[in-house]
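Data first, discussion second: the structure below is written as C-alpha cells.
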Amino acid sequence: MAEQPLIACHECDLLQREPHLPQGGVARCRRCGATLFHSHPQSTERALACTLGALLLFLVANVFPIVSLKLSGDVVQATLLGAAQVMYRDDMRLVAGLVLATTFAAPLAQMLAMTYLLLPACFRRRPPHAELVFRTMTLVQPWGMVEVFVLGILVSLVKLAHLAIVVPGIALWSFAGVMMLMAATAAAFDPRDLWTRLGPPR
C-alpha cells in the first residue's frame, strides 16, 4: 500500500492513494466525488492508429490541390504551400507565416511528437528525451488550427460559388479527415497510460 503513488484531487486538493482500476473504470475523489482519472483500454494503441492515419492524410492534403476554380475556361488550382508562397510574394508575409505555422508546422509537429512517444510506448520502450518532447507537444498543440482552416475554406467556397465553378479538391477532404482523426487522437490519448508504459527515466 505504501508503494502506491499519490494523487491530488483537482477540486478539493485531497491527497490520496492512486487506486488500481479495471479497464474502463473511473477513479473518484473520496471526499468530494470529483473524477480523478479514467482507465481507457488500449488508449495508446488507438491514439497511435489515429495519429498515423492523420499523418497519411496530412501528406495527401499537402500534395494535392485544395480547390479548383473554373472561370472563363481557365482552371486555377491551389495547394496549401502554394497559397502561402503566393501570399509571401504579394507582400503578405505575416499572413503567409501564420498560415504555415498554424496549418502546417504546428499540426505536423504535434503528429510527429505523438508518433515519437506512442510508437515506443506500444512496445514498452522509452524514447530519448520523452519529457522534453511531451512538453513541446503540449506547447505546440494550441497553435494547430486545422479546423479553423477547413471552416475558412468552406466559407470561401460558398462566397465564390456565384463567381466561378468551384470544385473541392482531394486535399480539402483530406484536411477534413485530418481534423477528425486529430480529434479522435485527443479523445483516445491517455497521458497516464503513456507514462506507465514508458516507465521511469533511466
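Computed values, structure above
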{"quantity": "Residue in segment 181-201 that is open to solvent by less than 40 Å² (accessible area, probe 1.4 Å), in contact with a strand residue (DSSP E or B) (Cβ under 6 Å, 6 or more places away or on another chain) and within 21 Å of Val63 (Cβ to Cβ) present", "calculated": "no"}
{"quantity": "Segment 148-166 residues that are in a helix (DSSP H, G or I) and among the acidic types (Asp, Glu), paired with ones that are surrounded by 12 or more Cβ atoms within 10 Å (Cβ to Cβ) and modelled with pLDDT of 75 or more (beta carbon under 7 Å, 6 or more apart)", "calculated": "none"}
{"quantity": "Any hit, segment 6-23, residues being crowded, with 18+ Cβ neighbours inside 10 Å, touching a residue at least 12 places away in the same chain (Cβ under 8 Å) and over 28 Å from Ala106 (Cα atoms)", "calculated": "yes"}
{"quantity": "Within segment 1-57, considering residues that are among the charged types (D, E, K, R) and in a strand (DSSP E or B), the one modelled with the lowest pLDDT", "calculated": "Arg17"}
{"quantity": "Pairs with Cβ under 6 Å, 6+ apart, first in segment 98-121 and aromatic (Phe, Trp, Tyr), second part of a helix (DSSP H, G or I) and open to solvent by 30 Å² or more (accessible area, probe 1.4 Å)", "calculated": "Tyr116/Val133"}
{"quantity": "Selection count, segment 169-191, where residues are part of a helix (DSSP H, G or I) and more than 18 Å from the chain's Cα centre (by Cα)", "calculated": "1"}
{"quantity": "Per-region count, segment 38-59, residues among the small types (Gly, Ala, Ser) and open to solvent by 40 Å² or more (accessible area, probe 1.4 Å)", "calculated": "1"}
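The values are calculated or read from the model by the stated rules, or taken from the named source; none is laboratory data. The model shown is predicted, which means the values in this text are computed figures rather than measured ones. Heads up, the Cβs are rebuilt from the backbone with ideal geometry, glycines too, and the neighbour counts pull from every protein chain shown. With ligands, DNA and RNA removed, areas are computed over all heavy atoms of the protein, side chains included. Shrake-Rupley method; radii C 1.70, N 1.55, O 1.52, S 1.80 Å.
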